[in-house]
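Student: Take a look at the following structure, please.
The values are calculated or read from the model by the stated rules, or taken from the named source; none is laboratory data. Please read these numbers as outputs of a predicted model, since none were measured by experiment. In this analysis, Cβ positions are derived from the backbone assuming ideal geometry, glycine residues included, and neighbour counts consider all displayed protein chains. Accessible surface areas use protein heavy atoms only, side chains included; no ligands, DNA or RNA. Shrake-Rupley method; radii C 1.70, N 1.55, O 1.52, S 1.80 Å.
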Amino acid sequence: MQQKIIILDFGSQTTQLIGRRVRELDTFCEILPYNKFPHDDDSVIGVILSGSPYSVYDPEAFRVDLSKIRGRLPILGICYGAQYMAQTYGGKVEPAPSREYGRANLTTFERENPLLRGLQENSQVWMSHGDTIMAIPEGFRCIASTDKVRFAAYQGQGDERLWGVQFHPEVFHSTDGTQLLRNFVVDICGSHQDWSPASFVESTVAELRAQLGNDRVILGLSGGVDSSVAAVLLNKAIGDKLTCIFVDHGMLRKNEFRDVLHDYECLGLNVIGVDASAKFFAELAGVDEPERKRKIIGKGFIDVFEAEARKITDARWLAQGTIYPDRIESLNITGKVIKSHHNVGGLPKEMNLSLCEPLKWLFKDEVRRVGREMGMPEHLITRHPFPGPGLAVRILGDITPEKVRILQDADDIFIRGLREWTCEDGETLYNKVWQAGVVLLPVKSVGVMGDERTYERAVALRAVTSTDAMTADWAHLPYEFMAKVSNDIINHVRGVNRVCYDISSKPPSTIEWE
Ligand code: XMP
């Protein structure tokens, strides 16, 4: 049986990060709403309580009965999780004199405590809390303090396998956070650390074979990492019984349809490429409103996909590259459970297809590791995210084939440049940024080329760093690189005489301009 850690989510922004850290310890985990603990699941080896936007004394704060867990499984409370247990078991939590945010050092701690073993002297931890634990329950023991926080970490009664930490071991700035989580997950909970890309591929291939038997499966490929890895995994399980459909809506990057189709064929996938660009150009003609563009492309995409899918008369399953973060029910501050599960993409019910989501337990970085494990080429695995409506939302104003051509040429220079520019640490700029692209602006400006006055278009380069696209910062690209790209674009792309760089972060801006 696959061992697992359960992370109970009280609504903190870092809950997913706890999950990723546990997975990095080659241990499977599930993130569940705070009140959904699976009491009859014998594979659970430990429980982590997340932080929360609430104070434990707020009337509407999330509360949970831990009595069936305490004493049976090891528990680690992080921030709110620690405060919640402290308060529930008879301690005291109050607003801190000032909100503590940022780095702190564990000045004193019990070195041989199972949770803290191996932590460095003055270990740096990350604090982010408005409340503080003023007193811990009777019989509990303080095991670490910082200059400002007396109860930075505590343990339950005696050797009880219950701990609380006021800081956030899951964030990168807690330098020994991984060691602390390893102590909990591996030493205390007894994880066998057998969750690996290889074991995932092996068990998933076996499960898919059992689930799908001899049935035919269809899958829509987008060129992105998730759908590509899902396809290769399914291909490994059921070979030619998988039919992939890759639609060109005409708004892809330069040569992308041809190149990606070629990649898929080299991977041995049974793939149908559908060039529907003429249909999309016709439907988008004269449309400049961003949401209408999105709707036209979304609906057109489903129409084309459905028409192809109907030709595959023996199809029983629709496979999708849905990944874990798409499915996690995250709690927002109003207490509502938000579910952002992608759905069957609007395929008609009468087609009677069942849904197959082989990547539904994986985080993005795990999808990449699984892709590598299966020998997929690196350029497919490290591809930047790309919006479904493609270049349509990067052409401000109406769309014409000529504008798409200009944008594709400029974008190609920028992206190739990022791939070819190697930084001092040996990594390419492409791999250092989360996402990049060029935006065609609806303005013309005056320039001079040779002895000629020009009156042509301006483009904006956009490159951002991010971990999940929820927030993003503009990438600090080297000036020499930007100078080269700007020169190359203006010299080689007919119709462009000015290049700008977008220095807005998200929020308040967004990654895409439309
Ligand atoms: P924003 O612009 O909202 O983008 O900061 C966040 C991430 O989502 C991508 N994006 C889209 N993806 N359909 C998609 O499939 C869309 O309509 C869409 N709009 C934005 C964007 O590229 C970025 O990765």
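Student: Which of (1) touching a helix residue (DSSP H, G or I) at 6+ places or on another chain (Cβ under 8 Å); (2) in a loop (DSSP other than H, G, I, E, B); (3) open to solvent by 10 Å² or more (accessible area, probe 1.4 Å) does MET251 not meet, given it meets every other one?
Tutor: (3)
Student: For segment 390-414, what are the residues that are within 15 Å of the ligand (Cβ to nearest atom) and open to solvent by 20 Å² or more (accessible area, probe 1.4 Å)?
Tutor: LEU396
Student: Identify the single condition in (1) more than 30 Å from LEU440 (Cα to Cα); (2) not in a strand (DSSP E or B) that PHE301 does not satisfy, given that it satisfies every other one.
Tutor: Tallying (1) more than 30 Å from LEU440 (Cα to Cα); (2) not in a strand (DSSP E or B), PHE301 fails exactly one: (1).
Student: I'd like to know if segment 432-452 contains one or more residues that are within 25 Å of the chain's Cα centre (by Cα) and open to solvent by 20 Å² or more (accessible area, probe 1.4 Å).
Tutor: Residues of segment 432-452 within 25 Å of the chain's Cα centre (by Cα): 432-439.
In the following step, the residues that additionally are open to solvent by 20 Å² or more (accessible area, probe 1.4 Å) were identified as 432, 434.
Yes: segment 432-452 contains one or more residues that are within 25 Å of the chain's Cα centre (by Cα) and open to solvent by 20 Å² or more (accessible area, probe 1.4 Å).
Student: The conditions are (1) crowded, with 21+ Cβ neighbours inside 10 Å; (2) modelled with pLDDT of 95 or more; (3) of a type outside the set (Ser, Thr, Tyr), and MET127 fails exactly one of them. Which is it?
Tutor: Only one criterion in (1) crowded, with 21+ Cβ neighbours inside 10 Å; (2) modelled with pLDDT of 95 or more; (3) of a type outside the set (Ser, Thr, Tyr) is unmet by MET127, namely (2).
Student: Looking only at segment 134-170, how many residues end up being open to solvent by 10 Å² or more (accessible area, probe 1.4 Å) and within 19 Å of LEU66 (Cα to Cα)?
Tutor: Going through segment 134-170 one residue at a time, the tally reaches 9.
Student: Something else: Which numbered condition trips up ASN235, out of (1) part of a helix (DSSP H, G or I); (2) open to solvent by less than 10 Å² (accessible area, probe 1.4 Å); (3) in contact with a strand residue (DSSP E or B) (Cβ under 8 Å, 6 or more places away or on another chain)?
Tutor: Of everything listed in (1) part of a helix (DSSP H, G or I); (2) open to solvent by less than 10 Å² (accessible area, probe 1.4 Å); (3) in contact with a strand residue (DSSP E or B) (Cβ under 8 Å, 6 or more places away or on another chain), ASN235 misses just condition (2).
Student: Being part of a loop (DSSP other than H, G, I, E, B) and more than 14 Å from the ligand (Cβ to nearest atom) is the filter here; which residues of segment 415-435 pass it?
Tutor: TRP421, CYS423, GLU424, ASP425, GLY426, GLU427
Student: Does at least one position in segment 429-450 carry a residue that is among the basic types (Lys, Arg), under 13 Å from ILE489 (Cβ atoms) and in contact (Cβ under 8 Å) with a residue 40 or more places away in the chain?
Tutor: Scanning segment 429-450, I find no residue that is among the basic types (Lys, Arg), under 13 Å from ILE489 (Cβ atoms) and in contact (Cβ under 8 Å) with a residue 40 or more places away in the chain, so the answer is no.
Student: A follow-up question, please. Determine, yes or no, whether LEU461 is assigned to a strand (DSSP E or B), within 16 Å of the ligand (Cβ to nearest atom), at negative phi and touching a Leu at 6+ places or on another chain (Cβ under 6 Å).
Tutor: Against the criterion (assigned to a strand (DSSP E or B), within 16 Å of the ligand (Cβ to nearest atom), at negative phi and touching a Leu at 6+ places or on another chain (Cβ under 6 Å)), LEU461 does not qualify.
Student: Name the pairs whose Cβ atoms lie under 7 Å apart, with the first residue in segment 274-302 and under 14 Å from VAL393 (Cα atoms) and in contact (Cβ under 8 Å) with a residue 12 or more places away in the chain, the second small (Gly, Ala, Ser) and away from the ligand (no atom under 13 Å from the Cβ), and 6 or more positions between them or separate chains?
Tutor: Once the first residue is under 14 Å from VAL393 (Cα atoms) and in contact (Cβ under 8 Å) with a residue 12 or more places away in the chain and sits in segment 274-302, its partners that are small (Gly, Ala, Ser) and away from the ligand (no atom under 13 Å from the Cβ) give PHE280/GLY250; PHE280/GLY300; PHE281/GLY250; ASP288/GLY397.
Student: Could you check segment 1-61 for strands (runs of 3 or more DSSP E) lying wholly inside it with 3 or more residues that are at pLDDT 95 or above, surrounded by 22 or more Cβ atoms within 10 Å (Cβ to Cβ) and hydrophobic (A, V, I, L, M, F, W, C)? Spell out the reasoning first.
Tutor: Details: elements: 4-9, 29-33, 44-49.
In segment 1-61, 4-9, 44-49 are the strands (runs of 3 or more DSSP E) which contain 3 or more residues that are at pLDDT 95 or above, surrounded by 22 or more Cβ atoms within 10 Å (Cβ to Cβ) and hydrophobic (A, V, I, L, M, F, W, C).
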